[in-house]
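Have a look at the structure below, then the notes.
The values are calculated or read from the model by the stated rules, or taken from the named source; none is laboratory data. Keep in mind that what you see is a predicted model, and the values were worked out from it rather than measured. Virtual Cβ from ideal backbone geometry, glycine too; neighbours counted across all protein chains shown. We work out accessible area using only protein heavy atoms, side chains counted, and drop any ligands, DNA or RNA first. Shrake-Rupley method; radii C 1.70, N 1.55, O 1.52, S 1.80 Å.
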Amino acid sequence: MGQPRWLRIHHPLSPRARLTCGVLSFVLPVALWCLISYVPVLWHPDVRITDPGSVSYLDVGSTLPRAAFDAEVAAARMQGQPPPRGVAANPIYLPTPLQVLEAFYGAFSTPPPTRDGPWLHQSLWHSIQVIFWGYVISSVIGVPLGILCGAYASIARLSEPFIEFFRYLPAPAFGALAVAILGIYDGPKIAIIVIGTFFQQVLIIANTTRKLDPALLEAALTLGTRSRQLLTRVVVPGVLPELYRDQRVLLGWAWTYLIVAELIGTTSGITWFITQQARYQHFANVYAAIAMIGIIGLGTDMVLGALGRRLFPWDRSLGRVTG
Amino acid sequence: MGSLAGQGDGLMNELLYRLGGSAATAATAATAAASAHGATVAHRTHGQARSEALAVPKAGLPSYLEQSPQVRERFARLHAREIILTVSHLEKSFASTRGSSTPALQDVCFQTHRREFLCVVGPSGCGKSTLIRILAGLEPHSAGEVLLGGRPVNGPGSDRGMVFQGYTLFPWLTVKKNVMFGLEVNGQGRLQAEREALQWLQLVGLEKFAESYPHQLSGGMKQRVAIVRALANQPRILLMDEPFGALDAQTRARMQAHLQEIWRKIDITIIFITHDLDEAILLADRVLVLSAHPGRVQELIEVPVPRRRSLAQIITPEFLATKARLEELIYAEQDVPAEGRGAGGEHADAGAAEAYARGEDPQAAALGRAARALAEEQEQYPVLARMTDVSDNVD
């Protein structure tokens, strides 16, 4: 006794405690952000001008570092001119939560700056399509190859050394090559995501396949299963829940290559939106866009997790790992 | 073959001769008459020699070679049945790191008859599991021959069913589909397979769990499913590798009763590996005792305990005599007595044998009470039409 329950090693949480902790994991960082944003004594290294006074280059609403501001005030006082006035502020790259929340709504309702430019939801949809095709193309080849590598030592030995070599090459390094081969539109972007995902995928799935309990294979053999049936009737169904979990992790992997991929050729999708907004110093919009990627990613994973529990009712460990 | 067995047993025989005494001749005559096959003959003769030395083997217990007329008759019937499996001069060695090889099994010879229940016991490291994996075809052997129904065993096949200690049910299939698995991969139609699977589940009283997944079952239930999954293919022989080793004592007792019931009802030969001597004596017609490093056949013992058996019999003289003999064979050769002995209540049981012999037997009485209580709470078995042609009685 003495030790509270939640401090015991490997001790499972009650459903309520699980929910509470899950909510807190989001609330705590946001609360910290709120504190820094709204409590003036915390941080606030800059000054936002409310009255430029006699200083000609200052505008209302612009910010400058406190040291520079203090120097300007001192200089104005010396010359007997009205000094500038301002309030403590955070740097422009750290908008408040409220600003980001507004930007969230505003980003969708603001028309594109140019007439033929895409709306935000169109940009997002474009990004999702790029991810989808990259992931699907990678999986169509990577999953079967991974399973074969895991099942047959010969295939593993034939392909894995090369894949091990290739997976260390950063996918963006192939950007210029991809543009040369596939043009400037979606082709090279999808290619980068495929390159970034595929090689990891083969190795991860091969490993998962190798972890299948060999006793299950032996049991199937003593029941008269022949070699080819063994793959379809034991290996594949046996690793399916684990494989599904791997695929969830790999989907997250694919998303992390998105921004780099979209910078290749013509910038497009959510990346185009982010770079545009950053150029105008609309950092609230940038944060909103980044948060959207996170929300889409986490949302997809939660849906896939719930789907997995339905698809594999016999698998009791599913759902504990999130990708 | 005879010479090898002799080598292994020489020291033991010496020792027994020195103990001296008159012969239990009736028993040896009976067993000698009953034996008719190569491997058994060699060991029987050794047993004979030993029994002559052993009039009063262990503080008043009868010799394990003494058989009542019913038991003798049962063994005569057993030997009259055809031979299912012949293992002759089987060798297995594993390649070790420096290019040399370590022998695991050496010159193993024995035969089993149709519908025989053969248990294999031996100290740890005697290659019991290797032996059964070779019989199953999961591991190649280095030399010698395994003949099943006259044909050599090469690789696994549906003519030999196997039950593993770790259940090995397919977790993604329901109980029913697990049982259907073997039928389907051997080309049976889905409907036929399903009908048969349900019948088999009925045999072990699990038809209510047909649609459950293995993880929803208890250990004992899982192992029952594993047994009928192996039996569904109608193999000639069922190989069981310490199948009840992972179960708690009560469940194990119930499973032993259950397995005997299944074995009685259908035409199946069972080879059963165990490290639990009580279990071996309770289940087996004959017990094959292996020695360790390398694994060799020490003796093939005919268990003189009458059938049908129950846990209440573990304090009968025949049972205790057999057990004493097994302990002698298995523990005598071990340099470090602690090894292999720790598990189970084997010390206590050996004590019980002596206490029984002295006539004052608090332990044996306690054991008896426990056994009776267990027998009373044993579940009712489903009454079934026999599923395969069983023309003669194994009891």
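Less than 26 Å apart at the alpha-carbon level, and either on another chain or at least 8 residues along: which lysines does that give for B:Lys177? Qualifying lysines at Cα under 26 Å: A:Lys211, B:Lys208, B:Lys222, B:Lys265. Given R0 = 60 Å, the distance between the Cβ atoms of B:Ala76 and A:Ser154 translates into a calculated FRET efficiency of 0.65. In percent, rounded to a whole number, the relative contact order of the stretch A:46-89 is 53, using alpha-carbon pairs under 8 Å and six or more apart. Excluding same-chain neighbours fewer than eight residues apart, the lysines reachable from B:Lys323 by a Cα-Cα span under 22 Å are B:Lys58, B:Lys128.
Excluding ligands, DNA and RNA, what is the solvent-accessible area per residue of the stretch A:46-89 at a probe of 1.4 Å, expressed in Å²? In whole numbers, the stretch A:46-89 has 61 Å² accessible per residue.
Dipole size of chain A about its Cα centre, with +1 on Lys/Arg Cβ and -1 on Asp/Glu Cβ: approximately 1160 debye, rounded to the nearest 20.
Under a 5 Å amide H cut-off, with hydrogens placed 1.01 Å from N, B:Gly122 pairs with B:Leu290 among residues at least 5 apart or on other chains.
Over every Cα atom in the stretch A:160-257, the radius of gyration and the widest Cα-Cα span, Dmax, amount to 17.8, 56 Å.
Each label point was placed 7 Å from the Cα along the Cα-to-Cβ direction; for B:Glu261 and A:Glu164 their separation is 5.5 nm. Every Cα-Cα pair in the stretch A:15-140 was counted, and those over 19 Å apart are 69% of them.
Under a point spin-label approximation (7 Å from Cα along Cα-to-Cβ), what is the A:Ile181-A:Leu42 distance to one decimal in nm? In this crude label model, A:Ile181 to A:Leu42 measures out at 5.0 nm.
Normalising the average separation of contacting C-alpha pairs (under 8 angstrom, six or more residues apart) by the number of residues puts the relative contact order of chain A at 17 percent.
The B-A contact accounts for approximately 1900 Å² of buried accessible area, totalled over both chains at a 1.4 Å probe radius. Among the residues of the stretch B:139-182, those with an accessible-area drop of 30 Å² or more from chain alone to full protein complex, heavy atoms and 1.4 Å probe, are B:Pro156, B:Phe164, B:Thr168, B:Phe170, B:Pro171, B:Trp172, B:Phe181. A probe of 1.4 angstrom, applied to the heavy atoms of all protein chains, finds A:Trp314 with accessible area near 40 square angstrom. In plain terms, the bigger the Kirkwood radius, the slower the diffusion; for the stretch A:109-311, with that radius from Cα pairs, at 20 °C and 1.002 mPa s, Stokes-Einstein puts D at 114 µm²/s. Counting only protein heavy atoms and using a 1.4 Å probe, the accessible area of A:Cys21 comes to about 70 Å². For the stretch A:109-311, the carbon plus sulfur part of the accessible surface works out to 69%, probe radius 1.4 Å.
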